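The values are calculated or read from the model by the stated rules, or taken from the named source; none is laboratory data. From a predicted model like this one, the values you see are computed outputs, not experimental measurements. Cβ atoms come from the backbone with ideal geometry, glycine included; neighbour counts cover every protein chain shown. Note: areas computed on protein heavy atoms with side chains; ligands, DNA, RNA excluded. Shrake-Rupley method; radii C 1.70, N 1.55, O 1.52, S 1.80 Å.
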Amino acid sequence: MKILYAASEAVPFAATGGLGDVMGSLPAAVKRRLGEDSDIRAVIPLYPSVRERFGDDLTLIWEGECDLAWRRQYMGIHSYVMDGVTYYFIDNEHYFKRTGFYGDFDDGERFAFFSAAILRLLKITEFYPNVIHANDWQTALVPVYLRLWYGGRPEYDGIRTVYTIHNISYQGIYSPEILWDVFGIWDRDRALLDYGGAVNLTKGGIVCADRVTTVSPTYAQEIQTEHYSHGLHHILRENSHKLSGIINGIDTQKYSPETDPNIAENYTSKDLSGKKECRLELCRLCGFENNAVPIVAMVSRLASHKGFDLIERVIREMLDAGDARFVLLGTGEKRYEDYFSYLGHLYGGSFKAFITFDPVLASKLYAGADMFLMPSESEPCGLAQMIASRYGTVPIVRETGGLSDTIKSLRDDTGEGNGFTFTSYNAHDMMYTVRRAVSVFKQKRKWNSLVRRVMAVDFTWDRSAGEYIRMYRSLIQ
């Protein structure tokens with residue numbers, strides 16, 4: 001099987017979030033499952049960060065030009081092999097030598113060029129995959145261009161396409177006036193991308209791809225509704241026959257309490273004594289007394305849709321009641337940064353806010369806390385609840401998207417479940433669920449059994465890769 005993954009970022013080369021994590025892990029996991037008979041490759045832009053970290057190890061394999069509409073732009077191809085996967089990097093300093101990856105006025109043109117370059121790459125390298133797996137709006141034009149520009153060419157005819165939506169709120173929406181000038185698409189093909197009087201690149205990817213996936217089964221259902229779709233529910237419903245959801249995995253080597261060098265003491269599900277030392281260190285960092293009151297951690301971007309409006313509404317009530325102590329790590333909307341900083345001064349012995357981005361400190365929170373709160377309004381997949389589980393920190397989540405698919409509420413009758421959940425996006429429902437978790441925490445034997453069960457859940461990429469491979473095979477067949 002031959003697969004090419006196309007994305008705008010990938011760990012460890014260049015990443016801003018979940019997409020980068022996926023592209024740094026999924027290709028290697030698929031390669032491990034399929035073995036030496038497979039040929040797995042991936043392609044991202046050549047950003048300055050890639051040159052800085054890997055420049056001496058990159059191999060320049062081609063230089064030339066790539067056409068897009070009326071433009072003819074320089075195109076270079078560099079390669080690097082990691083974990084059995086060949087990574088290609090498309091070089092064009094005009095488009096990719098920027099201070100950031102996204103947010104420039106010409107993002108549409110930049111990633112249209114990248115999409116065109118990906119399909120040119122196939123001819124240059126003579127690598128014609130069975131499947132091209134495109135991701136998010138930045139590569140949504142790959143299945144569009146494959147249909148419009150390469151249909152009928154024998155070497156391209158056998159290629160099938162998968163398009164994954166990691167977050168439906170980012171769609172690549174542009175003025176219809178630049179359809180040809182920027183994207184190189186004639187007006188006769190406008191219907192493929194036209195939605196609401198605008199050019200919508202995500203719509204084009206959905207319509208033209210052979211399969212459409214998103215990052216959890218529940219999110220695949222949610223985005224077909226008006227509330228979650230950011231306007232694309234009609235298109236997703238029309239294409240529901242090719243839409244499915246596959247949960248992301250996490251890097252269990254990176255996130256491992258058994259080997260993590262950033263925590264006070266390593267531990268396993270069989271011997272949790274090290275977690276007590278991690279809790280002691282977290283108390284010291286937060287200025288908390290080391291007592292029996294549970295510690296609830298939050299590691300997140302500070303934004304309303306992450307549930308911080310719910311937390312803001314009832315946090316003082318919970319702190320006044322002494323239900324639990326809370327520690328927060330993250331940055332985001334200034335009003336939340338200011339509010340939680342103020343709360344830390346007001347409740348110094350039971351609330352601590354670290355308004356920063358610090359992966360080392362994040363490990364200490366995951367390992368040292370007793371519970372992990374994630375009350376999101378919307379969460380396509382979510383990784384933090386899986387990471388917390390890996391460290392034996394019991395998740396408390398709202399039932400949405402990937403949170404609903406990965407965390408099942410503890411049942412009092414059977415003892416089944418790997419966390420605590422609530423359904424309605426309601427502050428007092430969240431508070432009740434935290435208090436329920438606290439009541440179980442006081443039952444030490446029951447709690448320790450839950451912690452061990454939480455740590456045993458399989459959130460590896462190997463499981464997710466198996467589902468993707470079955471989908472690829474069904475496409476090829």
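Things to note:
- For LEU302, the amide hydrogen comes within under 5 Å of the amide hydrogens of THR331, GLY332, GLU333, counting only partners 5 or more places away or on other chains and with H modelled in the peptide plane.
- Rounded Å value of the spacing that divides the Cα centres of segment 1-42 and segment 125-179: 17 Å
- Between amide H atoms placed 1.01 Å from N, distances below 5 Å from MET82 occur with TYR87, all of them 5 or more places distant or on a separate chain.
- Cα-based radius of gyration of the chain once divided by 2.2 N^0.38 Å, which approximates compact folds: 1.03
- Protein accessible area in the chain, 1.4 Å probe - carbon and sulfur %: 47 percent
- Residue-by-residue Karplus 3J(HN,Hα) for segment 430-441, coefficients 6.51, -1.76, 1.60, Hz, glycine and proline x: 4, 4, 4, 5, 4, 5, 5, 4, 4, 5, 6, 4
- Taken along its principal axes, the alpha carbon cloud of segment 367-477 reaches lengths of 53, 30, 29 Å, longest axis first.
- Neighbour net charge for GLY100 - beta-carbon separation under 12 angstrom, K R +1, D E -1: 0
- In sequence order, calculated HN-Hα J values of segment 358-363 (Karplus, 6.51, -1.76, 1.60; Hz; x Gly/Pro): 8, x, 5, 5, 4, 4
- Per residue, the accessible area of segment 80-192 comes to 40 Å² when a 1.4 Å probe rolls over the protein heavy atoms.
- Cα-centre dipole for the chain with unit charges at Cβ (Lys and Arg positive, Asp and Glu negative), debye to 20: 1240 debye
- Cα gyration tensor shape for segment 141-198, rounded if a/c is under 1.5, else prolate or oblate: oblate
- The chain: calculated mean residue ellipticity at 222 nm from DSSP helix runs of at least 4, using -39500 (n - 2.57): -12000 deg cm²/dmol
- Each residue of segment 127-141 was assigned a 3J(HN,Hα) from its phi angle through the Karplus curve 6.51 cos²θ - 1.76 cosθ + 1.60 (θ = phi - 60°); the sequence is 10, 10, x, 5, 9, 9, 10, 8, 9, 6, 4, 5, 10, 4, 6 Hz, with glycine and proline shown as x.
- Per-q log10 I(q)/I(0), segment 139-258, q = 0.17, 0.18, 0.23 Å⁻¹ (Debye; single scatterer per alpha-carbon; no solvent): -0.87, -0.94, -1.30
- All-pairs alpha carbon distance profile, segment 244-389, 10 Å steps from 0, percent: 11, 41, 34, 12, 1
- Shown for segment 217-270 is the translational diffusion coefficient from the Stokes-Einstein equation, using the Kirkwood radius over Cα pairs, a temperature of 37 °C and a viscosity of 0.692 mPa s: 231 µm²/s.
- Per residue, the accessible area of segment 261-351 comes to 46 Å² when a 1.4 Å probe rolls over the protein heavy atoms.
- Solvent accessible area, Å² - TYR366, 1.4 Å probe, full protein context: 20 Å²
- For segment 355-405, accessible area per residue (1.4 Å probe, heavy atoms of protein chains only), Å²: 21 Å²
- Relative protection proxy for 355-361, 224-230, 85-91, from highest mean packing down: 85-91, 224-230, 355-361 (other beta-carbon atoms within 10 angstrom).
- In Å², nearest 10: area of HIS233 left accessible to a 1.4 Å probe: 20 Å²
- For the set VAL451, VAL457, VAL81, solvent exposure ranked by accessible area (probe 1.4 Å, protein chains only) runs largest to smallest as VAL81, VAL457, VAL451.
- Mean-position separation - Cα centroids, segment 334-406 and segment 412-447, in angstrom: 16 Å
- With a 1.4 Å probe rolled over the protein heavy atoms of all chains, the accessible area of ASP309, ASP37 falls in the order ASP37, ASP309, largest first.
- Volume per residue that the Cα convex hull of segment 259-332 spans, once the total is divided by residue count, Å³: 123 Å³
- Proximity of backbone amide H atoms, modeled 1.01 Å from N, is registered between SER244 and VAL212, THR213, THR214 at under 5 Å, excluding neighbours fewer than 5 places apart on the same chain.
- Just so you know, the Rg over Rh for segment 53-101 is 1.02, from Cα atoms, with Rh as the Kirkwood radius.
- Only protein heavy atoms count here; under a 1.4 Å probe, SER378 has an accessible surface of about 30 Å².
- Since only LEU285, ALA220, ALA116 are under comparison, the one whose Cα sits farthest along the positive direction of the charge dipole of the chain, derived from C-beta charges on Lys, Arg, Asp and Glu, is LEU285.
- Based on alpha-carbon atoms, the Kirkwood radius and the radius of gyration of segment 47-176 give Rg/Rh equal to 0.94.
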